[in-house]
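Below is one structure; the comments refer to it alone.
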């Protein structure tokens with residue numbers, strides 16, 4: 001749940017607060033989950049970027065530079081890839097409910113809460129290439145998500161977007177349709 005709601009655990013969502021929280025968590029749990037090491041391995045395997053003196057934080061920075069993305073986006077994507085590969089079936093179901101709830105809230109809040117952090121969160125938790133993620137959604141929802149992502153990409157590189165930004169009318173409409181689609185059976 002930390003990956004979905006970093007700010008709830010740290011107050012701010014940035015590499016300093018994420019690294020402090022995770023190092024403290026691992027120390028407190030005697031490295032029981034070995035999360036940081038697993039993130040380092042997954043980055044090395046996927047991007048062929050080894051951990052150097054800058055450790056996992058530097059690895060994520062190098063991936064972010066390579067892909068021209070934000071550090072938080074890479075952290076979230078890499079964390080979710082690793083974590084979802086280790087989930088048991090009951091945890092996958094619980095996590096699926098949580099991620100759907102998170103995205104549902106984003107759709108509802110696009111008018112009042114849209115800013116660069118909204119976009120960063122979207123790209124960090126929405127993984128339209130991942131099988132585990134696609135299994136959570138209907139084909140209509142996936143099509144809407146692709147259109148939302150295209151609209152977000154049209155705004156430019158996330159790192160270059162101002163902190164405060166207004167959603168486009170197209171984005172508002174897409175989010176309203178997605179919200180309606182997600183809640184039509186409620």
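Quick check on this structure: which one of 57, 27, 73 is under 19 Å from residue 126 (Cα atoms) and part of a helix (DSSP H, G or I)?
Among 57, 27, 73, only 73 is under 19 Å from residue 126 (Cα atoms) and part of a helix (DSSP H, G or I).
Given 89, 68, which one is over 17 Å from the mean Cα position of the chain (by Cα) and either farther than 28 Å from residue 115 by Cβ or not assigned by TED's automatic domain parsing to the domain that holds residue 125 (or both)?
It is 89.
Mind listing whichever residues of segment 165-178 are touching a helix residue (DSSP H, G or I) at 6+ places or on another chain (Cβ under 8 Å) and closer than 26 Å to residue 69 by Cβ?
165, 167, 168, 170, 171, 172, 174, 175, 178 - these are the residues of segment 165-178 that are touching a helix residue (DSSP H, G or I) at 6+ places or on another chain (Cβ under 8 Å) and closer than 26 Å to residue 69 by Cβ.
Working only within segment 126-161, note down all residues that are in contact with a helix residue (DSSP H, G or I) (Cβ under 9 Å, 6 or more places away or on another chain) and in a loop (DSSP other than H, G, I, E, B).
126, 127, 128, 130, 135, 136, 137, 138, 154, 155, 161
Could you say which residue among 54, 10, 17 is over 17 Å from the mean Cα position of the chain (by Cα) and not assigned by TED's automatic domain parsing to the domain that holds residue 116?
One residue alone meets the criteria, 54.
Just to be sure before I move on: is residue 166 more than 14 Å from the chain's Cα centre (by Cα) and exposed (fewer than 13 other Cβ atoms within 10 Å of the Cβ) in the structure I sent?
Yes: the conditions hold for residue 166.
Residue check: is residue 100 in a helix (DSSP H, G or I) and either in contact with a strand residue (DSSP E or B) (Cβ under 7 Å, 6 or more places away or on another chain) or farther than 22 Å from residue 12 by Cα (or both)?
Against the criterion (in a helix (DSSP H, G or I) and either in contact with a strand residue (DSSP E or B) (Cβ under 7 Å, 6 or more places away or on another chain) or farther than 22 Å from residue 12 by Cα (or both)), residue 100 qualifies.
Report, by residue number, each residue of segment 82-94 that is surrounded by 14 or more Cβ atoms within 10 Å (Cβ to Cβ) and outside any helix (DSSP H, G or I).
Listed by number, the list holds a single entry, 87.
Check off (1) out of contact with any helix residue (DSSP H, G or I) (no Cβ under 8 Å at 6 or more places or on another chain); (2) buried (at least 18 other Cβ atoms within 10 Å of the Cβ) for residue 79 and give me the number that stays unchecked.
Of everything listed in (1) out of contact with any helix residue (DSSP H, G or I) (no Cβ under 8 Å at 6 or more places or on another chain); (2) buried (at least 18 other Cβ atoms within 10 Å of the Cβ), residue 79 misses just condition (1).
The values are calculated or read from the model by the stated rules, or taken from the named source; none is laboratory data. Since we're looking at a predicted model, the values are computed, not measured. Heads up, the Cβs are rebuilt from the backbone with ideal geometry, glycines too, and the neighbour counts pull from every protein chain shown.
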